[in-house]
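In what follows, a single structure is set out as structure tokens and then discussed.
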Amino acid sequence: LQVEDRQIQQPFGDRSGVVIEPRLKNQWYVDAEKLAVPAIDAVEKGETKFVPANWSKTYFEWMRNIQPWCVSRQLWWGHRIPAWFGLPLDRETGREIDAPLEAFVAETEDEAKLLAEEYYGPKVDVELIDDGFLGLDTFEDVVKRATLVRDPDVLDTWFSSALWPFATLGWPDETPELARYYQTDVLVTGFDIIFFWVARMMMMGLHFMEEPPFHTVYMHALVRDEHGQKMSKSKGNVIDPLSLIDEFGADALRFTLTAMAAQGRDIKLSKQRVEGYRNFSTKLWNAARFCEMNECAPSPGFDPASAARPLDRWIIGQTVQCQIDVTRHLEAYRFNEAAGALYQFIWGVFCDWHLELIKPVLNEGDEQAQAATRRTTGWALEQILRMLHPFMPFVTEELWGALGEGGAPRDGMLAACVWPSHPDELIDPAARDEVGWVIGLITEIRSLKAEMGLSAVRAPMALVGAAPENAERLERYRDIVMRMAGLDQARASDAVPSGAVQTVHGEATVALPLAGLVDLEAEVARLQKEAAKVDGDIAKIEAKLANEKFLARAPEAVVQEQRDRRADAAAKADKLREAIDRFRSAM
């Protein structure tokens, strides 16, 4: 026998502060390998699907290598182990024998008592003692002949949690709720508890209910900081959601997480992201106020198929297309794409284009056109609130209540409304092409002026070589094009005017004559000076990235920041050179 002096780690209770001494104890186990067989089979057959599908590999890895499940815990609270202990007796003589205590496992006390009476025989009176403060080492002191003491242990937390899909519905009683809501629908959870919770609910649901507890398991992303690091108090990079809600609102945070929840990718959260979607909420609020001030409210009995004007048919079609896209993305659990489709439609189509395109009608149109525009816009806003509600419930509910039919406050809540659904026949290709062409023309002119630093200059515009159909479109929408593109004239032409900068829209050339409006030589000199400065910045960044010491010592986030700055500067330099070339071609 040899004794060695060793230092060992001595655990202390974090609450009591006293030494924790481990002690071996008998435990209860479940044959998990047997329970796992139908749970594996259900996923293999597609009765339950994982989204993204690759997480099923993790599930199978756990289940196919499963070990016996220790389900007993020495805790104060929980579901009690359904077992009672009594002294072991010789079945022939009725005398106490030197053996482990006899265990009687049953669902109820009455069933346990019946089992004990059968074991001890008719000459013995069986008495039950239910004392949760007793340990197995004290049973010998209190167990007398035919006295049963209940096991003081409780079930493992995950064992109890595994019963959740049906126990919460009244099981084991056959309740109406259990009949209606089991099987449940979609389980949304994290990948770190696939084995601890998901697998165990599968095993229990199939064992007790003979049906998987859910048809889909959606694995949500892990929220990290803006640099992709896992949040940690020791790192000091924890983002408090309550602080974000106080600063930007619950809707902004909710939409941010949804918009970034791409399947299979973690979320890199930052305050700037949340602030951006707070601005989106503000944009929607201001658009609703514009509609309210211009009497664009939902109209009872409005039929979107009755719209006659191209602008009205266009926004109806765009709304229906958004509804179709969002529904498709939600059904495929691509929540980020659903949020992106809504964002692009609400901000980029409804607010930036539709509300601007209808201003001339609301201000100068005839009564019939104004009434049609108001009904159509009110209908589109109502569909927006319906679609956006699951993503931004608070602001949409507030607007829904304020913008009722005919401008009157509503009685019901938006949360109780059905999801919008409209036939794709409402999408008018002709209206889509016509208004899309006008929007494209305005966008090209704005981009050209912005690249050359002429956004504030009201220049004339000549559309050269346009097809007859597009020349007619320019004529119909001339006032809108001039107002939204910042022009003092817009006309179709057969030749490019002299001294004009040019771009292309479809088959036509868009020319902006700048003679007398801009000093072309001075603009070229200004842009060359700015381009030289950007080239200098690029050279400094490239020198830093070529420094091996910098790459070795700097954090990866800092190195990536320099790379991003170089890419942005290079893109800016390219645009400046394009602008210089355009000015020179006009000289």
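General remarks:
- Residues being outside any loop (DSSP other than H, G, I, E, B) and either open to solvent by 20 Å² or more (accessible area, probe 1.4 Å) or polar (S, T, N, Q) (or both) - total across region 394-439: 22
- Region 12-24, residues that are open to solvent by less than 80 Å² (accessible area, probe 1.4 Å) and either among the basic types (Lys, Arg) or not in a loop (DSSP other than H, G, I, E, B) (or both): 19
- For region 186-218, residues that are surrounded by 12 or more Cβ atoms within 10 Å (Cβ to Cβ) and more than 18 Å from the chain's Cα centre (by Cα) total 22.
- Filtered by the rule that a residue be among the hydrophobic types (A, V, I, L, M, F, W, C) and part of a helix (DSSP H, G or I), region 440-463 gives 441, 442, 445, 448, 450.
- Considering the conditions (1) in a helix (DSSP H, G or I); (2) among the aliphatic types (A, V, I, L, M); (3) open to solvent by less than 60 Å² (accessible area, probe 1.4 Å), residue 179 is excluded by exactly one of them, (3).
- Residue in region 263-285 that is small (Gly, Ala, Ser), over 20 Å from the mean Cα position of the chain (by Cα) and farther than 29 Å from residue 191 by Cα present: no
- Filter pass, residue 93 being polar (S, T, N, Q) and either touching a helix residue (DSSP H, G or I) at 6+ places or on another chain (Cβ under 6 Å) or not in a loop (DSSP other than H, G, I, E, B) (or both): no
- Pair list, Cβ < 7 Å and 6+ apart or interchain, from region 14-34 residues that are farther than 25 Å from residue 84 by Cα to residues that are at pLDDT 85 or above and assigned to a loop (DSSP other than H, G, I, E, B): 19/10; 20/11; 20/13; 33/66
Quick grid of which residues meet (1) under 33 Å from the mean Cα position of the chain (by Cα); (2) open to solvent by 10 Å² or more (accessible area, probe 1.4 Å); (3) closer than 21 Å to residue 327 by Cα; (4) modelled with pLDDT of 95 or more:
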residue	(1), (2), (3), (4)
350	yes, no, yes, yes
361	no, yes, no, no
366	no, yes, no, no
369	no, yes, no, no
376	yes, no, no, yes
381	yes, no, yes, yes
385	yes, no, yes, yes
388	yes, no, yes, yes
392	yes, no, yes, yes
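- The condition of being within 24 Å of residue 257 (Cβ to Cβ), at pLDDT 95 or above and charged (D, E, K, R) holds for only one of 313, 328, that being 328.
- Close pairs (6 angstrom Cβ cut-off, 6 or more residues apart or separate chains): aliphatic (A, V, I, L, M) and at pLDDT 90 or above in region 484-504, assigned to a strand (DSSP E or B) and open to solvent by 20 Å² or more (accessible area, probe 1.4 Å) anywhere: none
- Applying the criterion of at least 1 residues that are in contact with a strand residue (DSSP E or B) (Cβ under 6 Å, 6 or more places away or on another chain) and crowded, with 16+ Cβ neighbours inside 10 Å to the helices (runs of 4 or more DSSP H) found wholly in region 501-587 leaves 556-586.
- Residue 314, sole failed condition from (1) open to solvent by 40 Å² or more (accessible area, probe 1.4 Å); (2) touching a residue at least 40 places away in the same chain (Cβ under 8 Å): (1)
- Members of region 440-480 found to be crowded, with 19+ Cβ neighbours inside 10 Å and within 38 Å of the chain's Cα centre (by Cα), listed by number: 441, 442, 445, 448, 449, 480
- Filtered residue count, region 89-116, keeping only those that are open to solvent by 50 Å² or more (accessible area, probe 1.4 Å), touching an Asp or Glu at 6+ places or on another chain (Cβ under 9 Å) and at pLDDT below 85: 3
Residues are listed down the side, and each one gets a yes or a no for (1) open to solvent by less than 50 Å² (accessible area, probe 1.4 Å); (2) not in a strand (DSSP E or B):
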residue: 5; (1), (2): no, yes
residue: 10; (1), (2): no, yes
residue: 26; (1), (2): no, yes
residue: 34; (1), (2): no, yes
residue: 39; (1), (2): yes, yes
residue: 56; (1), (2): yes, yes
residue: 78; (1), (2): no, yes
residue: 84; (1), (2): yes, no
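- Residue under evaluation residue 232, criteria (1) open to solvent by less than 70 Å² (accessible area, probe 1.4 Å); (2) more than 25 Å from residue 397 (Cβ to Cβ); (3) modelled with pLDDT of 80 or more; (4) of a type outside the set (Val, Ile, Thr), criterion not met: (3)
- Checked against (1) hydrophobic (A, V, I, L, M, F, W, C); (2) modelled with pLDDT of 75 or more; (3) open to solvent by less than 50 Å² (accessible area, probe 1.4 Å); (4) within 21 Å of residue 70 (Cα to Cα), residue 134 passes all but condition (2).
- Flag if residue 221 is part of a helix (DSSP H, G or I), closer than 20 Å to residue 342 by Cβ and open to solvent by less than 30 Å² (accessible area, probe 1.4 Å): no
- Screening 553, 584, 566 for residues that are of a type outside the set (A, V, I, L, M) and either touching a Gly at 6+ places or on another chain (Cβ under 8 Å) or under 19 Å from residue 452 (Cβ atoms) (or both) leaves exactly one candidate, 584.
- Residue that is farthest from residue 317 (Cα to Cα) [pool: residues in region 267-285 that are open to solvent by less than 80 Å² (accessible area, probe 1.4 Å) and polar (S, T, N, Q)]: 270
- Candidates 341, 402 - the one that is closer than 19 Å to residue 287 by Cβ, aliphatic (A, V, I, L, M), in contact with a helix residue (DSSP H, G or I) (Cβ under 8 Å, 6 or more places away or on another chain) and free of Cβ contacts under 8 Å to residues at least 24 places away in the same chain: 341
- Region 481-500, residues that are within 23 Å of residue 578 (Cβ to Cβ) and open to solvent by 40 Å² or more (accessible area, probe 1.4 Å): 496, 498
The values are calculated or read from the model by the stated rules, or taken from the named source; none is laboratory data. All values reported here derive from a predicted model rather than from experimental measurement. FYI the Cβ positions are ideal-geometry reconstructions off the backbone, even for glycines, and counts take in every protein chain you see. Calculation scope for accessible area: heavy atoms of the full protein, side chains included, ligands and nucleic acids excluded. Shrake-Rupley method; radii C 1.70, N 1.55, O 1.52, S 1.80 Å.
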